[in-house]
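Input: a single structure, listed below in structure tokens.
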Amino acid sequence: MHHKITCLFLLILLISTTGCEEFYDIVDELKPKPPKSKAFATGLTAPLGVESDALGQLWVTEAGTGQTNDGQLSFITPQGEVYPVVQGFTSEASPEGAIFGLNHLLLKDNVLYMLHGVEGKLYKLNISAYQPGDKPRKAADLEVEDIGSFVKDYFKTEETDIFNLTVGPEGDIYIVDAAANAVIRRDAKSGKLSVFATIPPIEIPDGEDLQAVPTGIVFDGEKFLVCTFTGYPYPAKKATIYQIDLAGNTTVYQSGLSILTDIELGVDQKPVVLEYGTWTGESFIPNSGRMVFSTPNKNIPLLSKLNFPNSIERFGSKTFFIAQTFDGEIKKVTF
């Protein structure tokens, strides 16, 4: 399964609730005006995960160049100023040029949880005392947990890619593994790991089933929503958002989407997803990515002309941040 997430990374390289206002209402009231989009932070090295704190500050994982161990965690002020926080994370490149390293991150109780796909590790950093401009820490000095070995042992495989994560009931952390196509639960009290759910393949009539690679996960208070990056040949309108109940049962929430890379919740707890781009049969078309609002009844495009978007984070009711990994940029989208 490792080749499918390799392809994903290769292609990467070449709102707090406000009263009873729903995100659907926000979208509807702005018609026909599209949301405003602008560069917020630039000059990053393969930014992937984006997490905001209560002050609107961003914490961003950078996968690095793949040439040296230059993956890092960065802090971005509300004015777009970038500061290194932790340096020296493993960054590797495949012969094809795909970059492997830090994936997504999560902020919970002043602790950042950062996933590293190559190492199969969960790094932890308490940020309560951090000040912009502090001397960067070393990745080797952080507290770490081994997630990958559990996945390999459970599924009898040598492949794991812990990719994205969210907080669920009782404070447990739920991690999607993009190689095992599974959701792993980490108990908040004991740290014990278990397999919560598996993601089924996408059935193609008169053709081979496609791998549904989980790339994003959120919890809306009642269920989990998981978005998927469809396997080669990356057909349009075949990507699915799955819903998983608290017992781990997986069903379809919405389909008809294309090559999803991340998912976030709007103020009404409905998902907003990123479509990576349009596949021509040989490559993805630059600036063909989209931001899409998805309900159980329909998908509503919100923003187009995104360049290979990989991560989305909401702050407040009308502001989203999107990582464009290939461009080394974080975009700010305001409704």
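Derivation of every value follows stated rules applied to the coordinates shown; laboratory data play no part. Just so you know, these numbers come straight off a predicted model, no measurement behind them. Because the Cβ atoms are built from the backbone with ideal geometry, glycine has one as well, and the counts that use them run over all protein chains shown.
Some values worked out for this structure:
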read-out	value
Interchain or long-range residues, amide H under 5 Å from residue 180's placed H	161
Amide proton proximity set for residue 49, modelled H, under 5 Å, gap of 5+	61
Dimensionless Rg ratio for segment 2-334, taking C-alpha atoms and the 2.2 N^0.38 Å reference	0.92
Two-site label geometry, residue 143 and residue 170: point separation in nm, points 7 Å out along Cα→Cβ	2.0
Residue-averaged 222 nm ellipticity for the chain, from DSSP H runs of 4+ at -39500 (n - 2.57), nearest 500	-2500 deg cm²/dmol
For residue 302, residues with placed amide H under 5 Å, excluding near neighbours	291, 292, 293
Segment 93-186: radius of gyration over Cα atoms, expressed as a fraction of 2.2 N^0.38 Å	1.16
Derived scalar couplings ³J(HN,Hα) [segment 99-112; Karplus, 6.51 cos²θ - 1.76 cosθ + 1.60; whole Hz; x for Gly, Pro]	9, 10, x, 4, 10, 8, 9, 9, 9, 9, 6, 6, 10, 8
Long-range tail of P(r) for segment 175-238 (Cα pairs > 17 Å, %)	47
Cleavage-rule hits, GluC sites (Glu not before Pro), segment 154-241, DSSP coil, Cβ neighbours within 10 Å at most 16	158, 203, 208, 222
Coil-residue GluC sites (Glu not before Pro) of segment 228-310, DSSP, other Cβ within 10 Å capped at 13	282
Alpha carbon centroid spacing (whole Å) that separates segment 230-270 from segment 88-157	25
